[in-house]
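Below: the structure, in structure tokens.
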Amino acid sequence: MSAHFPALIVVSPLMAAMVVAILAWVRPGACLPLAVVTLAGSLWAAAGMLWRVVVSGPFAYHLGNWPPPIGIAYQIDHLNALVLTAMAAVALVNLLATWRHARRDFAERVNYFYALYLLFCAGTYGIIVTGDAFNLFVLLEITSISGYALVGMGKRDAALASLNYIFMGTIGASFYLLGVGYLYLVTGTLNMADLAMILPRLYGNKVVTAAFIIAMTGLFMKMALFPLHGWLPNAYSESSSPVRSLIAPLTTKTMVYVMVRVALYVFPVDFSFGHLAFAQPAVWLAVTSIVAASLMALSQTSLKRMLAYVLIAEVGYMVGGFWLGNRMGMTGAILHIVNDAAMTLCAFLAVGSLRQQLADDSFKALRGAFRRMPWTMAVLVVAGLSMIGVPPTCGFFSKWYLIGGALAAGQWAFVGALIFSSLINAVLFFRIFEIGFFEPFAASDHGHPPDLAYAEAPATVIAPMLVTAAGLVVLGLLTGRIVTRIIDAAIPAAIL
Amino acid sequence: MNTLITVKPLLAILAALCLPPILASSRSPNAREAWTFGAALTMFGVIASMLPAVWGGARLEYTLVQVLPTVSIAFRVDALGLLFALVSSSLWIVTSLYSVGYMRGLKEHAQTRFFSFFAFSLAATVGVAFSANLLTLYLFYEMLSFATYPLVTHHQDREARASGRKYLLYILGGSIGLVLPAMLIVYHLTGTLEFSAGGILAGKAGAAQLTALLVMFVFGFAKAAVMPFHSWLPAAMVAPTPVSALLHAVAVVKVGVFSVVRVVTGIFGTGLLTELNLGTLVATIASVTIVAASLIALSQDGLKRRLAFSTIGQLSYIVLGAALLSPSALTGAMLHIAMHAFGKITLFFCAGAIFVATGKKFISEMKGIGWRMPLTMSAFFIGALSVIGLPPCGGFISKWHLVIGALEADRIVFLWVILVSSILNAAYFLPIVYQAFFCSPEEALFERRVQEAPRWCVVPPLVTAAASVALFFYPQPFLQLARLATRHVLGGF
Amino acid sequence: MKRFALLAVLLFGALLVYGTTDFPDWGDPSSPAATHVSPHYIRHSLEETAVPNIVTAVLADYRGYDTMFETSVIFTAGLACFFLLRVFARKAPDSRLYRHRATGITLRIEQGGRLPEGAREFERIDSQWVPYDLIIRTACRLVLPFIQLFALYVVAHGHHSPGGGFQGGVIFGAAVILYAISHDLRSTLQMLPERRTVLMSAGGVLIYAGTGLICLLLGAQFLDYAALAGILGVDPIMARSHGIFIVEIGVAIAVMAVMVSLYYNLASVGRFDEGL
Amino acid sequence: MTAAGYINLIIAKYNYWIYIVLMCVGLWGMIVKRNLVKKIIGMNILQTAIILFYVSIATKKGAALPILAHHIGAHRTDPATIINPLPHVLMLTAIVVSVATLGVALALTINIYKRYGTLEEDEIHDLMRNA
Amino acid sequence: MIWQLEFIILLLVVVCGVAALTVRDLLGAAILFGAYSFMMCLLWAIMGAVDVAFTEASVGAGVSTVFFVAAVFRTSRRSRD
């Protein structure tokens, strides 16, 4: 059975989504358990594949038993096995932590929410494992459409935010599709490995150059890099909390992964980094992205919007680190895909819990949060420390590699941007912690602060959050192993 | 020299991390404080048990986890680290006693949080002391920053918030803005972060780059409170006195200077610094801080603020000693970590005791207080003597070594700095004692002849004052360690 | 904004033009796209899958996995629309309109009242009711069976002519939509209730994915229809042909149901009472 | 290149020029138009333009439809005489994707209209600001 | 294929596309979009992409237009640009 994991990991959530949609009419109570079991199975399969890759190297799966350029092939290697495991874990933990919120937010439609959730996950897993450029587009659309629906069902202005998300997302996906079309035009193939074999013969072909730029622009749009980020803050802040903590860790990170995959495994490495003068502008774009998003985050007055901008800055980390073009920076970028997914999940889960219990997430509502919801705030502190980059949380280690890579590449601007963003993050998070810790002030100096009602979330919500928070530290401590066993093998040897 | 692999350093840190039992027993204060004592005693016991091995010239090592391909979170107990750990852990026991008296005496809120984070801070402090490489040191350094934040801002009022902000601004700004990049540059240049006796940077970078790095480290470890990165320390005095006593006279600030000493000796190496004459630069910065801080201390009326500025000056003695790079100066610097700790903690304890007993914070209100609190003020006197550096107190020993060191290094200027500042020390401490005993009390508050603070607040300063005196006559444990460390640093092995 | 947009669009156009200058000429049979992978399909699809329509063969077999997701995309869209629009808290309308079939007199019953179900001489009508149009209704009634028959033909004959599950499904769906437009939503819903559209759309995709899963359970790769040879009792190549047919049926069911469901939701704004 | 060369370039690839024009029109519509339905139309034009591009890739001059007759032996088929079927397959998928996106977009538009009572983006922004 | 015919269709595609974006009546725009899709479908049929053309005829010109009309019917016909 384990040989079929590459297909099953995508097909099982997909089929489960259909079954959930049917069960919603027949036996509504069975939907949630089915979804949880399916996602747990996916995580198990992903971990199994990661193990297999680490032990015995990459392997392929030929769907319909057609050899690769003729049919569609899935290629499991170190890079996608790692990202897949991370994303599967995120999806599972998020569902476990937020199903209560979902029940409250979606009421009668909660079962369809589970179905869309599963479809979203199926699409994301597929994007990660696929080895076919066009197949990736189809999966991308599954993810996107279910994402649009999930975002659109939020509160207040969610519909408009979601429609803007559709526009930007469709342009992004269309650009990617057009890029693939250009590549198909000059190579005649859609298989990534096959493309990588043919493309080295086509240096200097303007079509390839145009394909690269168009596809990258599309991906930048999808991952919300700075000037193309317009859709993200609204989409994330207007959606309801279970959706936010699903989409925020998965979408942008998956797109960064696709960028890595395309630039390393579809285009030849020396084309992406040598032939085309793309790396340098991309790093500068990332620097702008980090600085601008950090500054914009400072001016937000609600927690989720602030986090949304922090997220845009984090995208800048990954893009910049990747386009540094050296092994250390790339390691940092890939590591940060995993770490940032975990961090974002952790932060948004805490925000979701705060929002559920305090019914508001403006900064004002957070007054006294440390006393009212100590566990949730503890989780938020861990997430915040990780985003600031404090050891031993995982955020420190990816930042370590990113800055190290920037030093090795002599990109001082990127070093500066990373340090700047860390400091801004410290300001951002401690501003929140201060409100939660100090306010409301005691009536007199040195007096006891006023008593507040204890309003902690139920244990079923807290437990997955604590697991995530612990995961941040564990991931940080495992950095060495992840890098030497997995990421080192994921980066082509051509990159020094 | 031989290296032993042992889990003891980790045990010492874990001993302090007794948060779950402290939190679990939050409903029963006695049990909670018993756990704290247990942790403090266990930690001291574990650390003391490593003493014979280190005296015998061994190093104890333990690698916890390989976090990066070439860098791990690892512990190494050498003479310098053990000296610092010994000071911190022994004083924690005393401080725990004192905290119980102080916190209960003032009926402070959130005492469970207080004791938990106190233990957490000590774990981080010992972690810094036992770090085998710069990354581990940085890890515990940051852990300490965050663990002390709730302690500094314990009162949760507007003033505490402002102080907390300042505290984090300096500490985090320094560590993230300066130390982190500096550390990465070191890693980039050398590929390692291990502390080693001869330094790791020799021959890896040009003079200008090394100077920049050194400056980044010295200022970046803002806990060392080298001017102009000092102003968090007076601000942090809003904390309850046990916090000020242990953390801002011993743990936090000493972690700062300890880190500077470690970096100077373990990363740069004395040879490299001598060669580039970088020592003078650091020594000059430290001298300016010493003199300026002493002058400012003269003008402070708040007792704790005056002590804070005194601390700033005294810390720079240690930096100065390390920067002079001569054997006696290094020994003196390391010794000063211990000697100053005992002296200064006595002073803080006394300040706290006065506050608990009378509610007074300002020196101008303390005329004649010696007649009301004779024991406390006697301890204060001894502590002051030790910090000034007069016999028969431990402070004399370390200052003596520093003076000799300055002569050895043939830097007469710094000799004068030490002497002038000692006179200034005397000038801001002795009048307090004089006023306390020889001025008549002005207020009706002092009608009753003798009324000391609660027992738990009086005993600890007496103990530490006695220890200060004892260290003059029997400085062996620390002196031996400091000499070992110096020999090791200068490549004696 | 307009100027910025124009600039962005022109820049993008310039990039496309730049790329186009290196394109192979239009319709060039020796371009890479025509010589690398696709010749395999042209040469071998008939012998490997026994399906003369190469597009169908590639769609449902060589790249069958893509098509499964394509169907899932459609399903997702249907589910998404339902999720976004469906009004669950159904409140009874303030008034109901009934029309007497014979005379055309309209009855308005307020405060939630209704005529008994058995009152055959009355029919319920929409608030925006267009006068009874004999020509349209009759024409639609006449045309509908043929459209549906044609849809089935398109599905069934997809192996040999243009068309297949997707087109057939859309046409069948369009037939239902036509009925809904020419009559009213209420009678259409009686014919094809909402619940059935959801079940059919999910079931259609399940047929597709299930076929793949059966192949997998029979020991072959996912969607390797040749593994069905044992069950179907034919040789592996014909099994591929039959496999393609099975999944086409799944696609047709799913697409038909989703198209109808999309229409229901959009036309009634999720209330499922009155259509266009 | 001579003038004749340019004309040749234009004629030889005229399908490609049309798709570029359509793509720009669609993009322009999406960015500039303030009406949400217009934006959706722009989005669809963009998507069909890409489909046109793919279909153009597939054509071969003078080639037959990609449907074989049963009696033709497979090996007798010359790939140059049959239109490339692969882009057609891909574009079937793309059409489905575009109709799916359209459905969701229209559903959201209806929801937006329910909430704000208008489809003009700037009017909605005014409403949001005043709320 | 008669190139004049193809040329006219190409021209009509562009005209219909631009017109669908510019008319102020959304119902008109929806119908024009249907015409655009139909022209596109003709174009593809000419290019030999019969399956794609078939799909576009049923989806683009058929069902999509119905969806547009339904949505416009349920919202508003008015457009300011």
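Bear in mind these aren't lab numbers, they're just calculated from the coordinates by the rules spelled out. Model, not experiment: these values are computed from the prediction. Ideal geometry is used to build each Cβ from the backbone, glycine not excepted, and the neighbour counts take in all protein chains shown.
Can you tell me which of A:235-242, A:51-58, B:209-216 comes out highest on packing, and rank the rest after it, using the mean Cβ neighbours within 10 Å? Present the calculation step by step, with values, prior to reporting the outcome.
On the way: A:235-242: 26.2, A:51-58: 13.6, B:209-216: 18.5.
Order by mean packing, descending: A:235-242, B:209-216, A:51-58.
Where a ≥ b ≥ c are the square roots of the eigenvalues of the C-alpha gyration tensor, would you call the protein assembly as shown rounded, which needs a/c under 1.5, or, failing that, prolate if a/b is larger than b/c, or oblate?
On the way: a/c = 2.74, a/b = 2.02, b/c = 1.36.
Note, shape of the protein assembly as shown comes out prolate.
Go through A:87-93, B:38-44 and give me the packing order, highest mean Cβ count within 10 Å leading.
Working: A:87-93: 25.9, B:38-44: 20.9.
In decreasing order of mean packing, A:87-93, B:38-44 become A:87-93, B:38-44.
Read phi for every residue in the stretch C:10-21 and hand back ³J(HN,Hα) as whole Hz from Karplus 6.51 cos²θ - 1.76 cosθ + 1.60, θ = phi - 60°, with x for Gly and Pro.
5, 4, 4, x, 4, 4, 5, 4, 4, x, 5, 4
Starting from the stretch E:23-81, pick out the trypsin sites (Lys or Arg not before Pro) whose DSSP state is loop and whose Cβ has at most 15 other Cβ atoms within 10 Å.
On the way: sites: E:R24, E:R74, E:R77, E:R78, E:R80; in loops: E:R24, E:R77, E:R80.
For trypsin sites (Lys or Arg not before Pro) across the stretch E:23-81 that sit outside H, G, I, E and B with at most 15 neighbouring Cβ atoms in 10 Å, the list reads E:R24, E:R77, E:R80.
Per DSSP H run of n ≥ 4, the term is -39500 (n - 2.57); total these for chain B, divide by its residue number, and report the mean residue ellipticity at 222 nm rounded to 500 deg cm²/dmol.
On the way: 22 runs with 340 residues, N = 493.
Per the formula, -22500 deg cm²/dmol.
Which of the peptides B:176-184, C:256-264 is most tightly packed, and how do the rest follow, judged by the mean count of other Cβ atoms within 10 Å per residue?
Final packing ranking: C:256-264, B:176-184.
So what J values fall out for the stretch A:266-275 if you push phi through Karplus, 6.51 cos²θ - 1.76 cosθ + 1.60 with θ = phi - 60°, rounded to Hz, Gly and Pro as x?
Using θ = phi - 60°, the values come out as 9, 7, x, 4, 6, 6, 4, 9, x, 5 Hz.
How about D:K60: which lysines have a C-alpha closer than 29 Å to its C-alpha, ignoring those fewer than 8 places off in the same chain?
Within the straight-line limit of under 29 Å, D:K60 reaches these lysines: A:K206, D:K13.
E:V23 to B:T211: FRET efficiency via 1/(1 + (r/R0)^6), r the Cβ-Cβ distance, R0 51 Å, to the nearest 0.05? Please list the in-between numbers first.
On the way: r = 71 Å, r/R0 = 1.40.
Working from the Cβ atoms, E equals 0.10.
Compute the distance from the alpha-carbon center of the stretch A:120-182 to that of the stretch C:207-230, in whole Å.
Using only Cα atoms to place each centre, the spacing works out to 29 Å.
Averaged over B:64-76, how many beta carbons belonging to a partner chain fall within 10 Å of each residue's beta carbon?
Details: counts 2, 7, 7, 12, 8, 8, 2, 3, 1, 5, 0, 0, 0.
Mean inter-chain Cβ contacts per residue within 10 Å come to 4.
List every residue whose amide H lies under 5 Å from the amide H of B:L4, counting only residues 5 or more places away in sequence or on a different chain, with H placed 1.01 Å from N in the peptide plane.
B:R59, B:L60, B:E61
Rg and Dmax of chain B over Cα atoms: what are they, in angstrom?
21.2, 69
At a Cα cut-off below 16 Å, give the lysines reachable from B:K107, other chains included and same-chain residues fewer than 8 away excluded.
Cα-Cα hits under 16 Å: none found.
Based solely on C-alpha atoms, express the radius of gyration and the Dmax of the stretch B:1-94 in angstrom.
15.2, 50
Taking 8 Å as the Cα distance limit and 6 or more residues as the minimum spacing, I'd like the relative contact order of chain A as a percentage.
Relative contact order comes out at 15 percent.
If you average the sequence gap of Cα pairs under 8 Å that are 6 or more apart and divide by the length of the stretch E:24-76, what percent do you get for the contact order? Walk me through the intermediate numbers first.
Values: 42 pairs, mean separation 23.8, N = 53.
Averaging sequence separation for qualifying contacts and normalising by length gives 45 percent for the stretch E:24-76.
Lysines near A:K304 by alpha-carbon distance under 21 Å, same-chain residues fewer than 8 away left out - which ones?
Hits, sequence-local ones excluded: A:K155, A:K222, A:K253, A:K364.
Work out from phi, with θ = phi - 60° and the Karplus expression 6.51 cos²θ - 1.76 cosθ + 1.60, the ³J(HN,Hα) of each residue of the stretch B:79-89, listed in order in whole Hz, and give x for Gly and Pro.
Per-residue couplings from phi come out as 4, 4, x, 5, 4, 5, 5, 4, 4, 4, 5 Hz.
So, in nm, how far is label A:R27 from label A:R100 when the simple model puts each one 7 Å beyond its Cα toward the Cβ?
About 2.6 nm separates the two model spin labels.
Report the relative contact order of chain B, percent, no decimals, based on alpha-carbon pairs under 8 angstrom and at least 6 residues apart. Display every interim value, and only then the final one.
On the way: 915 pairs, mean separation 77.2, N = 493.
It comes to 16 percent, rounded to a whole number.
If amide H atoms are built 1.01 Å from N in the plane of the peptide, which residues on other chains or at least 5 residues away come under 5 Å of the amide H of C:R271?
C:V87
How far apart, in nm, are two points set 7 Å out from the Cα along the Cα-to-Cβ line at B:A466 and at C:S95?
So the two model labels end up 10.0 nm from each other.
Decide, for chain D, between rounded, prolate and oblate: order the square roots of the alpha carbon gyration tensor eigenvalues as a ≥ b ≥ c, take rounded if a/c falls under 1.5, and otherwise choose prolate if a/b is larger than b/c, else oblate.
Numbers: a/c = 6.57, a/b = 1.89, b/c = 3.48.
Oblate.
For the stretch E:24-76, what class follows from the C-alpha gyration tensor (a ≥ b ≥ c being the square roots of its eigenvalues): rounded when a/c is under 1.5, otherwise prolate if a/b is larger than b/c, else oblate?
Cα axes put the stretch E:24-76 in the oblate bin.
Please list, ordered by chain and number, the residues whose modelled amide H lies under 5 Å from the amide H of A:F59; skip anything fewer than 5 residues away on the same chain.
A:I76
Starting from the stretch B:296-327, pick out the trypsin sites (Lys or Arg not before Pro) whose DSSP state is loop and whose Cβ has at most 13 other Cβ atoms within 10 Å. Could the numbers behind the result be given before it?
On the way: sites: B:K304, B:R305, B:R306; in loops: none.
In loop regions of the stretch B:296-327 (DSSP not H, G, I, E or B), there are no sparsely surrounded trypsin sites (Lys or Arg not before Pro).
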